[in-house]
């Protein structure tokens, strides 16, 4: 049950969920900038409105100082603040099941 509690805790914040959705679809380490850019794109419609710089900066700061350190408390999420990269490795089945369902329900790519 501890793994399930950890997963639900990870999914308790929207921006952290969005970061996890993106990281789960990537193979290997991803830069914090890439994660922030993807979240900003999901929260705006870059085809019609450019991503405001202040929105990108806000997302990036929240990721660096809040969401990624919190996510890295899970043994299957690695965040290296010095290298500015993050990745998911060896996640448990509970995480994989919940992230799949949550992404289908939330559909971040259709947020705007």
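Every read-out reported here was derived from the displayed coordinates using simple, explicitly stated rules and does not represent laboratory data. Because the structure is predicted, anything quoted here is derived from the model rather than measured. Here the Cβ is made from the backbone with ideal geometry for all residues, glycine too, and neighbour counts use every protein chain on show.
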Do the sum for the chain: with -39,500 (n - 2.57) for every DSSP H run of n ≥ 4, divided by all residues, what is the mean residue ellipticity at 222 nm, to the nearest 500 deg cm²/dmol?
-16000 deg cm²/dmol
In cubic angstrom per residue, the convex hull of the chain built on its Cα atoms measures 95
For a quick check: sort 21, 76 by the number of other beta carbons within 10 angstrom, fewest at the front.
76, 21
Going by how many other Cβ atoms sit within 10 Å of their own, how do 103, 55 line up, fewest first?
55, 103
